[in-house]
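Single-structure report; data block below.
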Amino acid sequence: MATERISRPGLEGVVVAETRLSSVDGEAGELIIGGFPLEALAHRATFEETVYLLWHGALPDVRQLTAFRRDLAGRRSCAPEILRVLEAAARKKIPAMDALRMAASMLTLETHAEHAPEDDRAAGLKLVAVFPTIVAAYARLLAGTEPIAARADLGHTANYLYMLFGTVPGPERVRALETYLNTVVDHGLNASTFAARVIIATQSDLISAIVGAVGALKGPLHGGAPGPALDMVFEIAEKDRAETVLRQKIERGERFMGFGHRVYRVRDPRADVLAEAAERLYATAADMKLYQLARHVEEVILRLLEEYKPGRKLQTNVEFYTALLLHGLELPTDLFTPTFAVSRVAGWVAHCFEQQKQNRLIRPDSEYVGEKNRRWVAAEERQ
Ligand SMILES: CC(C)(COP(=O)(O)OP(=O)(O)OC[C@H]1O[C@@H](n2cnc3c(N)ncnc32)[C@H](O)[C@@H]1OP(=O)(O)O)[C@@H](O)C(=O)NCCC(=O)NCCS
């Protein structure tokens, strides 16, 4: 029987996989991660617990968690060859996502013996464990300072902050970043996750799948929006300039970064979780000015979107408060998307494992709209 052909550019609404990892309900504004509503999980779990949940389908008990933390902590170091490539990239001021992509592809040096599907779990652990090391090392090299070696006695999140700043972070900072990492770890079949599943479905290896996903995440329509979102808030600088600056932007046809979503037609639930975490973090630092400015900018943008794009249901997405939260943690803007990758890599790996269990090659169709029956003309006779 011939397969029915449906033309759907962008594949909106086309279901190509079954998953137990996360559920995104764009109409209700609900996100479920491993069976938990985001709001129940994000501010409670350590990142290691969330990763375990996604990979094993249940939260770990104390013994399982201890073993899992040890497995990850033991894989944090970065091979010297990778550090040399990062040094070369930093000399050329290559953007951090490109450096991460290059370094990720070099992980084959360390996981070569782990290419057989049964060894993919070890490769998955390595990827999740070493992404923070790569990102932190590169951030320091870009800033002209030496990378800091990982500390196995710290949790995944605390160690990332330690490798970035060289001091053991306080519990508020760890909690804020942990909440962020839990919030963005997985999100249905977004573009980078889809890219990873497409690659692993060809029976390729985990490193290849994750390198493809990093490339997909880099684009401004996916994970590249929080930097520009923060730039916009800084450009506005004062509450009473917001309306004028933002109106000019939308009249020039610019998009507001951190707003709109392919799936959510109501407010992205991740925006609320992160806004709350940001509020707590800024309150600890006793400086609410930027937080309050961002809240005001959000209000004005939502009003302008309703005025200029009526009926499009454009709401705040995850990126707007990501920017505010990560800035509150003193991360430079160019580390926002790589920090997203530090979390999402665990989701990508989980999807690859899931795809491997129920694999079917992913191969959509295309509609040919080009010419047919062209006449061949020799090169010297072509006009
Ligand atoms: C995320 C995004 C790519 C989803 O796009 P999409 O579902 O393909 O939506 P469309 O591109 O079809 O946009 C529909 C309409 O809304 C407008 N629109 C969408 N997002 C907008 C935004 N952030 N600011 C202003 N207008 C926006 C489009 O210009 C379009 O208007 P038109 O019909 O008058 O041409 C889009 O909302 C966007 O570019 N947002 C900004 C980038 C961002 O925050 N990305 C992070 C996503 S988590």
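The values are calculated or read from the model by the stated rules, or taken from the named source; none is laboratory data. Small disclaimer: the values here were computed from a predicted structure and weren't measured. Cβ placement follows ideal geometry from the backbone for every residue including glycine, while neighbour counts extend to all protein chains displayed. What goes into the accessible areas is simple: the full protein's heavy atoms, side chains included, and nothing from ligands, DNA or RNA. Shrake-Rupley method; radii C 1.70, N 1.55, O 1.52, S 1.80 Å.
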(message) Can you give me the % of accessible surface on the stretch 329-383 that is carbon or sulfur? Probe 1.4 Å, all protein chains present, nothing else counted.
(response) 47 percent
(request) Work out how much length K289 to R63 would gain on full extension: take 0.36 nm times their residue separation and subtract the Cα-Cα distance, in nm to one decimal. (result) 77.0 nm
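Find the all-direction average of the projected area of the Cα convex hull for the stretch 41-132, expressing the result in square nanometres with one decimal place.
Working: hull surface 28.6 nm².
Averaged projected area of the stretch 41-132's Cα convex hull equals 7.2 nm².
Using a 1.4 angstrom probe, figure out how much accessible area the stretch 167-260 has per residue, in square angstrom, rounded to the nearest whole.
Numbers: 3720 Å² over 94 residues.
Roughly 40 Å² per residue, with all protein chains present.
Whenever you get a sec, compute what percent of the accessible area on the stretch 128-195 sits on carbon and sulfur atoms (1.4 Å probe).
Details: 1210 of 2040 Å².
In the stretch 128-195, the share of accessible area belonging to carbon and sulfur is 59 percent.
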(request) Average the reciprocal distances over every distinct pair of alpha-carbons in the stretch 309-383, invert the result, and give the Kirkwood radius in Å. (result) 18.5 Å
(request) Calculate the dipole size of the stretch 271-332 relative to its Cα centre from +1 charges on Lys and Arg beta carbons and -1 charges on Asp and Glu beta carbons; express the result in debye to the nearest 20. (result) 200 debye
(message) For the full complex of protein chains and a 1.4 angstrom probe, list L164, L314, L221 by accessible area with the highest value first.
(response) L221, L314, L164
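Note down the net charge around T193, summing +1 for each Lys or Arg and -1 for each Asp or Glu among other residues with Cβ under 9 Å from its Cβ.
Numbers: positive: R197, R344; negative: D186.
Neighbourhood net charge equals +1.
Over the stretch 119-185, what is the mean sequence separation of C-alpha contacts under 8 Å (at least six apart), divided by residue count, expressed as relative contact order in percent?
On the way: 44 pairs, mean separation 15.2, N = 67.
It comes to 23 percent, rounded to a whole number.
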(request) Using a cut-off of under 20 Å, list every residue of the stretch 118-135 whose amide N is near the label point 7 Å from the Cα of R70 along the Cα-to-beta-carbon line. (result) 121-130
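To the nearest 0.05, what FRET efficiency results for V245 and D25 with a Förster distance of 41 Å applied to their C-beta separation? Don't skip to the answer; put the middle values down first.
Values: r = 34 Å, r/R0 = 0.83.
Once rounded, the FRET efficiency stands at 0.75.
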(request) Give the calculated FRET efficiency between E330 and R262 to the nearest 0.05, with a Förster radius of 35 Å applied to their Cβ-Cβ distance. (result) 0.65
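Work out the length of the dipole vector of the stretch 256-375 about its Cα centre, built from +1 on the beta-carbon of each Lys and Arg and -1 on the beta-carbon of each Asp and Glu, and round it to the nearest 20 debye.
Details: 18 positive and 16 negative charges, 159 e Å.
Its charge dipole is roughly 760 debye.
For V369, V14, V300, write out the residues from largest to smallest accessible area, computed with a 1.4 angstrom probe and no ligands counted. Can you show the working numbers first?
Details: V369 130, V14 65, V300 5 Å².
From most accessible down to least: V369, V14, V300.
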(message) So if I take the centroid of the Cα atoms in the stretch 152-168 and the same for the stretch 321-348, what is the distance between those two points in Å?
(response) 15 Å
(request) Treat each spin label as a single point 7 Å out from the Cα along the C-beta direction, and report the I6 to N359 distance in nm. (result) 2.7 nm
(request) Report the one residue of Y138, V14, L125 whose Cα lies farthest in the direction of the positive end of the charge dipole of the stretch 1-141 (charges on C-beta: Lys and Arg +1, Asp and Glu -1; origin at the Cα centre). (result) Y138
(request) Just list whichever of K93/K218; K249/K309; K92/K289; K93/K239; K126/K218; K289/K309 have alpha carbons separated by over 24 Å in the model shown. (result) K92/K289; K93/K239; K289/K309
(request) Please label the shape of the stretch 161-298 as rounded, prolate or oblate, based on the square roots a ≥ b ≥ c of the eigenvalues of the alpha-carbon gyration tensor (a/c under 1.5 means rounded; beyond that, a/b larger than b/c means prolate, else oblate). (result) oblate
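Given a 1.4 angstrom probe, what's the average accessible area per residue across the stretch 278-347, in square angstrom? Show your work: numbers first, answer last.
Details: 2750 Å² over 70 residues.
Ligands and nucleic acids excluded, the result is 39 Å² per residue.
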(request) Note down the net charge around A242, summing +1 for each Lys or Arg and -1 for each Asp or Glu among other residues with Cβ under 13 Å from its Cβ. (result) 0
(message) I need the P(r) histogram for the chain: all alpha carbon pairs, bin width 20 Å from 0 out to the longest distance, whole percents.
(response) 27, 56, 16, 2
